[in-house]
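The values are calculated or read from the model by the stated rules, or taken from the named source; none is laboratory data. Only a predicted model underlies this, so the values are computations on that prediction, with no experimental measurement involved. Reconstructed Cβ throughout: ideal geometry from the backbone, glycine too, with neighbour counts over all protein chains shown. Surface areas here come from the heavy atoms of the whole protein model, side chains and all, with no ligands, DNA or RNA. Shrake-Rupley method; radii C 1.70, N 1.55, O 1.52, S 1.80 Å.
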Amino acid sequence: MKSWPEPVQRVVRTIREANIEARVEEFSDGTPTASDAARATGAKLQEIVKSLVFMCDGRSVLVMVPGDRRADSDKIAKAVGCENVKVASPEEVVQATGFSTGGVAPFPLANVNLVLMERTLLAHEIVWIGAGTSRHMAALAPSDLVRLASARPVDAVAEST
């Protein structure tokens, strides 16, 4: 077996234990942004999953949105039932997920209360997620992603302009 960094090993172990078919790859140029990830994987931007952490009334919520869209904090607040929603700081991201920004995987999560997934991601055959570092990504079916992340599909993106 390839020797992955510890955060990637956590992701791979979760995939294996769930008996999910996924492909984990390392990209030497890195994939810290959705555009970088699309370029590296050859996927369309909307097939790249951004795993974003928000603080909702002090609770951490992970929201997965397509790489070509922005999360809508009002929709997130409504879906979660909270009043105050803000983007988590890099320190809060690490505390909530166990991953550093640029490499956040949507599972396994250290201290996340709820996971939401933009429902349009379900339309793709395969999506790419961060797999623990800014150089690692995993490709899997969106339905498997919902199961692995215990995600609730919702409308979570801002309207396109």
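Of note:
- The single condition among (1) open to solvent by 30 Å² or more (accessible area, probe 1.4 Å); (2) farther than 13 Å from ALA131 by Cα that VAL63 does not satisfy is (1).
- Of all the listed residues (GLY30, GLY58), the sole one being on the phi > 0 side of the Ramachandran plot, in contact with a helix residue (DSSP H, G or I) (Cβ under 8 Å, 6 or more places away or on another chain), at pLDDT below 95 and of a type outside the set (A, V, I, L, M, F, W, C) is GLY30.
- Note on the range 31-51: residues that are surrounded by fewer than 14 Cβ atoms within 10 Å (Cβ to Cβ) and touching a Gly at 6+ places or on another chain (Cβ under 8 Å) total 1.
- Screening SER28, SER3 for residues that are open to solvent by 60 Å² or more (accessible area, probe 1.4 Å), hydroxyl-bearing (Ser, Thr, Tyr) and free of Cβ contacts under 8 Å to residues at least 12 places away in the same chain leaves exactly one candidate, SER3.
- Residues of the range 74-86 satisfying the condition of being of a type in the set (A, V, I, L, M, F, W, C) and either touching a helix residue (DSSP H, G or I) at 6+ places or on another chain (Cβ under 8 Å) or part of a loop (DSSP other than H, G, I, E, B) (or both): CYS82, VAL85
- One residue stands out in the range 101-133 among those that are modelled with pLDDT under 95 and under 12 Å from the mean Cα position of the chain (by Cα): the one that is surrounded by the fewest Cβ atoms within 10 Å (Cβ to Cβ), namely GLY102.
- Strands (runs of 3 or more DSSP E) wholly inside the range 94-153 containing at least 2 residues that are in contact with a helix residue (DSSP H, G or I) (Cβ under 9 Å, 6 or more places away or on another chain) and of a type in the set (Val, Ile, Thr): 127-130
- Residue within the range 138-154 that is surrounded by 18 or more Cβ atoms within 10 Å (Cβ to Cβ), among the basic types (Lys, Arg) and in contact (Cβ under 8 Å) with a residue 60 or more places away in the chain present: no
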